[in-house]
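The values are calculated or read from the model by the stated rules, or taken from the named source; none is laboratory data. Just so we're clear, the structure is a prediction, and the values are computed from it rather than from any experiment. Note that each Cβ is placed from the backbone with ideal geometry, even for glycine, and that neighbours are counted across all protein chains shown. Ligands, DNA and RNA are excluded from the accessible area calculation, which covers all protein heavy atoms including side chains. Shrake-Rupley method; radii C 1.70, N 1.55, O 1.52, S 1.80 Å.
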Amino acid sequence: MARREGVVCNIKRILRVYREAGLAVRRRKGRKRAIGTRVPLPRPDSINQIWSLDFVSDALVCGRKLRLLGVMDQCSREGLNLTVDTSLPGLRVVRELDRLVRLRGCPKVIVSDNGTELTSRVVLQWAQERNIEWHYITPGKPQENGFTESMNGKIRDEFLNEHWFTTLAEAQQLAAEWLHDYNHVRPHSSLNYLTPVQFVQRQEAVGVRLVAVTPPASCRP
């Protein structure tokens, strides 16, 4: 980000000032677990080809539980949606996906875990009607959905752990602001230090168009 703003400085000096000012986000230290055989998944080679989604949980100050549904594009790393509510059943998941389909068209594949909301009849029927392949990862192996797990970690460390939410409306507003920063401001090393929005714009500039930007008949509600 410093290079992008035209600031020329030694990286070691930036890291030293960063640590001394206490700007580093405290990250959770997970337990070491044995990792078995990983099931390889096809890597996306175009935008809007593979979406992945997952849930994250938190709570309001009063103790009422919150659930967050994050959806991302695996090719551009763009966060397509970050829904915050007290309950997100399968029907609500379908509504959010329908809204995204109207904006971007149908993806070819959606990747998720085996949660009850995502294996419900309404979700399976929705995917079948739109000819979308729904890929469920192996139970107990979240690394198979590594793109979304990486985004979930950032949501937890940089958003949820940094705020106390007094109301649902406040949580929803802050979530929208965080997602905008994630897509428009944060550079991603996997994108050659472009933001997701810059990556999408560059792909479109060289003629790599979004897949099914105009939803076909099978994707229309």
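Here are some notes:
- Filtering segment 158-176 to residues that are more than 15 Å from Gly79 (Cβ to Cβ) and assigned to a helix (DSSP H, G or I) leaves Asn161, Glu162, Leu168, Ala169, Glu170, Ala171, Gln173.
- If you go through segment 153-162 and keep only what is under 17 Å from Lys65 (Cα atoms) and open to solvent by less than 70 Å² (accessible area, probe 1.4 Å), you end up with Ile155, Arg156, Phe159, Leu160.
- Verdict on Val122 being closer than 24 Å to Gln172 by Cα and modelled with pLDDT of 90 or more: no
- Scanning segment 97-117 for residues that are without any contact (Cβ under 8 Å) to a residue 60 or more places away in the chain and under 26 Å from Gly140 (Cα atoms) yields Leu97, Asp113, Asn114, Thr116.
- Boolean, Leu100 is within 16 Å of the chain's Cα centre (by Cα), open to solvent by less than 30 Å² (accessible area, probe 1.4 Å) and more than 16 Å from Ile47 (Cβ to Cβ): no
- Per-region count, segment 19-31, residues open to solvent by 100 Å² or more (accessible area, probe 1.4 Å), closer than 21 Å to His163 by Cβ and modelled with pLDDT of 80 or more: 0
- Of all residues making up segment 141-170, the number that are farther than 21 Å from Arg43 by Cα and either without any contact (Cβ under 8 Å) to a residue 40 or more places away in the chain or in contact with a His (Cβ under 8 Å, 6 or more places away or on another chain) (or both): 5
- Members of segment 177-197 that are part of a loop (DSSP other than H, G, I, E, B) and either crowded, with 19+ Cβ neighbours inside 10 Å or not aromatic (Phe, Trp, Tyr) (or both): Val185, Arg186, Pro187, Asn192, Thr195
For every residue, the table says whether it meets (1) at pLDDT 90 or above; (2) under 24 Å from His184 (Cβ atoms); (3) assigned to a loop (DSSP other than H, G, I, E, B).
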residue	(1), (2), (3)
Ile35	no, no, yes
Ser87	yes, no, yes
Glu96	yes, yes, no
Trp126	yes, no, no
Asn131	yes, no, yes
